[in-house]
Amino acid sequence: MNDKASTARYALWLVLLAAAGTFALTMGVRQTMGLFLSSLNTATGLGIGSISLAFAFGQLWWGLTQPFAGAVADRIGTGRVIFIGVLLVALGTIITPLMTTTAGLIFAIGVLAAGGAGMAGPSVLMAAVTRMVPPAKRGLATGVVNAGGSFGQFAMAPIAIALMAGVGWASAMQWLGVLILLALPAVLVLKGNSKALAAQSAAASGTKPLTARQAIGQALATPSYRYLSLGFLVCGFHVAFLATHLPGVVAACGLPPEIGGWALGVIGLFNIVGSLAMGWAVGRWRMKSLLALLYATRGIAVLIFLLAPKTPAVMLVFAAVMGITFLSTVPPTAGLVAKMFGPANMAMLFGVVMLAHQVGGFLGAFLGGYVFQATGSYDIVWYIDIALAAGAALVNLPIRETRPVLVSAKAAA
């Protein structure tokens, strides 16, 4: 019995290491791209607004790929989807310094790298973990995977800064693309799909398994799912704005450039704490209440930051608070999707929620550059962010944390 328990524990941690490690590499590289924005602008002369458009398109494309990647992973296997995704991230990152036009940057950053990161992103990884770990451990497991993404950001920011200082920005970006390939062994661990779960669920209810179209249709007809997606859209706005423009915010405040790199690293470090804490909390409190608290905290923190003097200490403390809330929205959001609809179509349905997140991400990344170029300040974007955070806190409160009454595939046909 002890051998069986030990084997089960080993298998669980192997799954978590594979998923968290993959997320650490893909998220770490994506979240440090803002450090290269100024260098790209200097090298190409395209302007901050045009380069921000490429980053913003990447945010949107990252979200657009996830429902489709999730649907494929649910049916033909997670490992194959992750394999292709990792290769695309590496390719897009490596060729980005060779691009000299806005269209080229959109292709490299927005299509290849962002699309690959979506295929090896949270919807596929969270669904794989939800499928492969016992129900009682799912909340903590998703928190660990989410913390992996945060650790990646914490580790990659200083690595990127050191590489830029040592080999120049172009070679630094290409080395980050090579580092992504370290995620390939995870393919062997995270293989499999949710066909068996779908069949078991259908057999238990005496119905046919739902098709992808039927599962999405029923989810979109559920008000709580729509409220959850709206709140997550705001999360995307906030996260993408910070990831893309925090170094620019630091520069606008008259602080040394290295503070921007350290601020991104601090966000990643404290997000590890927030993710693990939220993974623990989702099994003890209502997930919608936790989400409302996170969004409200963001809005209050931004307001205080705007009123405070802009010193290095204030910037790093602000980054720490943002880190606590940065991606800690993912475990309760993924948990609510699983609670409402089960794990059978989890990758696809969470992918749709991630798409809403990235629509917000597109707006956050693009508006940050557009507003700064037009006004010379980020203040308008910060005020929009505060208003959106308040709205996200309120829209999560009506969510019903129960499984909705769904029609069978036979009735839906």
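Which members of the stretch 203-238 meet the condition of being outside any helix (DSSP H, G or I) and either modelled with pLDDT of 75 or more or within 20 Å of Asp74 (Cβ to Cβ) (or both)? Those that are outside any helix (DSSP H, G or I) and either modelled with pLDDT of 75 or more or within 20 Å of Asp74 (Cβ to Cβ) (or both): Thr207, Lys208, Pro209, Leu210, Thr211, Ala221, Thr222. Among residues of the stretch 348-362 that are more than 14 Å from Leu336 (Cα to Cα), those with a Cβ under 6 angstrom from a residue that is assigned to a helix (DSSP H, G or I) and among the hydroxyl-bearing types (Ser, Thr, Tyr), sequence gap 6+ or separate chain, pair up as Ala356/Ser229. Checked across the stretch 303-311, the condition of being of a type in the set (D, E, K, R), in contact with an Asp or Glu (Cβ under 7 Å, 6 or more places away or on another chain), surrounded by 15 or more Cβ atoms within 10 Å (Cβ to Cβ) and touching a residue at least 40 places away in the same chain (Cβ under 8 Å) holds for no residue. In this structure, Met340 does not qualify as surrounded by 22 or more Cβ atoms within 10 Å (Cβ to Cβ) and modelled with pLDDT under 90. Examine the stretch 160-167 for a residue that is assigned to a helix (DSSP H, G or I) and over 22 Å from Thr244 (Cβ atoms), and state whether such a residue exists. Taking every residue of the stretch 160-167 in turn, at least one turns out to be assigned to a helix (DSSP H, G or I) and over 22 Å from Thr244 (Cβ atoms). Out of contact with any strand residue (DSSP E or B) (no Cβ under 8 Å at 6 or more places or on another chain), of a type outside the set (Phe, Trp, Tyr), at pLDDT 85 or above and closer than 17 Å to Ala240 by Cβ: is that true of Ala356 in this structure? When the stated conditions are applied, Ala356 passes them. Search the stretch 100-120 for residues being more than 16 Å from Thr26 (Cα to Cα) and crowded, with 20+ Cβ neighbours inside 10 Å, and hand back the single one that is nearest to the chain's Cα centre (by Cα). Per the criteria, the residue is Ile106.
State yes or no: is Thr142 free of Cβ contacts under 8 Å to residues at least 60 places away in the same chain and in a helix (DSSP H, G or I)? No. For the stretch 371-382, filtering for residues that are over 23 Å from the mean Cα position of the chain (by Cα) and in a helix (DSSP H, G or I) leaves 7.
Could you please let me know if Gly77 is touching a residue at least 40 places away in the same chain (Cβ under 8 Å) and at positive phi? For Gly77, the condition - touching a residue at least 40 places away in the same chain (Cβ under 8 Å) and at positive phi - is met.
When the stretch 322-337 is filtered for residues that are of a type outside the set (S, T, N, Q) and buried (at least 23 other Cβ atoms within 10 Å of the Cβ), the ones remaining, listed by number, are Met322, Gly323, Phe326, Leu327, Val330, Pro331, Pro332, Ala334, Gly335, Leu336, Val337. Screening the stretch 363-383 for residues that are without any contact (Cβ under 8 Å) to a residue 60 or more places away in the chain and aliphatic (A, V, I, L, M) and picking the one that is farthest from Val234 (Cα to Cα) gives Ala374.
Residue selection: Ser39 satisfies the criterion of being at pLDDT 85 or above and among the polar types (S, T, N, Q). Of all residues in the stretch 314-344 being of a type in the set (A, V, I, L, M) and assigned to a loop (DSSP other than H, G, I, E, B), which is farthest from Val266 (Cα to Cα)? Only one residue fits best here, namely Ala344.
Against the definition (without any contact (Cβ under 8 Å) to a residue 60 or more places away in the chain and not acidic (Asp, Glu)), how does Arg284 come out, yes or no? Yes: the conditions hold for Arg284.
Here's the yes/no breakdown for (1) without any contact (Cβ under 8 Å) to a residue 60 or more places away in the chain; (2) touching a Lys or Arg at 6+ places or on another chain (Cβ under 8 Å):
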{"residue": "Thr22", "(1), (2)": "no, no"}
{"residue": "Pro67", "(1), (2)": "no, no"}
{"residue": "Thr100", "(1), (2)": "yes, no"}
{"residue": "Ala113", "(1), (2)": "no, yes"}
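Scanning the stretch 42-64 for residues that are β-branched (Val, Ile, Thr), modelled with pLDDT of 80 or more and in contact with a Ser or Thr (Cβ under 9 Å, 6 or more places away or on another chain) gives Thr44, Ile51.
The values are calculated or read from the model by the stated rules, or taken from the named source; none is laboratory data. Bear in mind that the values here come from a model prediction, so they are computed numbers and not experimental data. When we count neighbours, we look across all protein chains shown, and the Cβ atoms used for this are built from the backbone with ideal geometry, even at glycine.
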